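K.L.:
The structure under discussion is supplied below as structure tokens; questions concerning it will follow.
Taken together, the values in this text are just the output of simple stated rules run on the coordinates, not laboratory data. Keep in mind it's a predicted model, so treat the numbers as computed, not measured. Please note: Cβ atoms are built from the backbone with ideal geometry, for glycine as well, and neighbour counts cover all protein chains shown.
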Amino acid sequence: MSADGLRHGIRLFNEARFFDAHEVLEDVWREAPSAEKKFFQGLVQVAVAFHHHSTGNLVGMSSVLKRAMGNLEKFRGERREIDLESLLESLARWRDAVDHDLPAPDLPRIQALGIELEGNPRAF
């Protein structure tokens, strides 16, 4: 798995460049060992879900977001690269907002835990 690719994909995601983040994270997913593929697939799906939201496709967003959360839930307590708990909490708020026609919460951010970006720990 490419740590540089992961950092770049997360940086793009946090800049709300969801299509670009999906493209970069997809490469990370393809390179990942089989035991980690579902985790990275979940990150790709999160980016795809928010790309759908940015284009007004709320049905697509909801569908992909639920699959993403299912993939990421399997890794609770196991992944050290990101703050998975905070991400899943944010995604749950979004799922509820979309499913119940509520106001959109703040965009989620992926926070680093175990990798640094240009000498700045925990920042992407």
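K.L.:
On C-alpha positions alone, give me the angle between the axis of helix 37-54 and the longest principal axis of the chain, in degrees, nearest 10.
P.N.:
Rounded to the nearest ten degrees, it is 40.
K.L.:
Which residue, Ser90, Ser63, Ser34, tops the fluctuation ranking in a GNM of the chain built on C-alpha contacts under 10 Å?
P.N.:
Fluctuation is largest for Ser34.
K.L.:
Most mobile of Phe40, Phe18, Phe75 per a Gaussian network model of the chain (Cα springs, under 10 Å)?
P.N.:
Taking springs between Cα atoms under 10 Å, the residue moving most is Phe75.
K.L.:
Continuing with this model, one more query. Who wins for biggest fluctuation among Asp101, Asp83, Asp20 in a Gaussian network model of the chain, springs between alpha carbons below 10 Å?
P.N.:
Result for the chain, Cα springs under 10 Å: Asp101 fluctuates most.
K.L.:
May I have the pair-distance distribution P(r) for region 1-71, computed from all Cα-Cα distances with 5 Å bins from 0 and rounded to whole percent?
P.N.:
Taking every Cα pair in region 1-71, the percentages come to 4, 22, 27, 25, 15, 6, 1.
K.L.:
Taking every Cα atom in region 42-88, find the radius of gyration and the maximum pairwise distance Dmax, and write them in Å.
P.N.:
So, for region 42-88, Rg and Dmax equal 11.1, 33 Å respectively.
K.L.:
A follow-up question, please. Working from Cα positions, state the angle (0 to 90°, nearest 10) between the long axis of helix 58-73 and the longest principal axis of the chain.
P.N.:
40
K.L.:
Helix-only mean residue ellipticity at 222 nm, the chain, DSSP H runs n ≥ 4 weighted -39,500 (n - 2.57), per residue, nearest 500. What is it? Can you show the working numbers first?
P.N.:
Values: 5 runs with 76 residues, N = 124.
Helix contribution divided over all residues of the chain: -20000 deg cm²/dmol.
K.L.:
Evaluate region 3-121: find the radius of gyration of its Cα atoms, find its Kirkwood radius, and give the ratio Rg to Rh.
P.N.:
Numbers: Rg = 13.4 Å, Rh = 14.2 Å.
Looking at region 3-121, the ratio lands at 0.94.
K.L.:
Further, regarding this structure: Could you tell me the calculated FRET efficiency between Val59 and Leu107, based on Cβ-Cβ distance and R0 = 22 angstrom, to the nearest 0.05?
P.N.:
The calculated FRET efficiency here is 0.70.
K.L.:
Where does the charge balance sit around Phe50 when Lys and Arg score +1, Asp and Glu -1, over other residues with C-beta under 14 Å from its C-beta?
P.N.:
Net charge around Phe50: +2.
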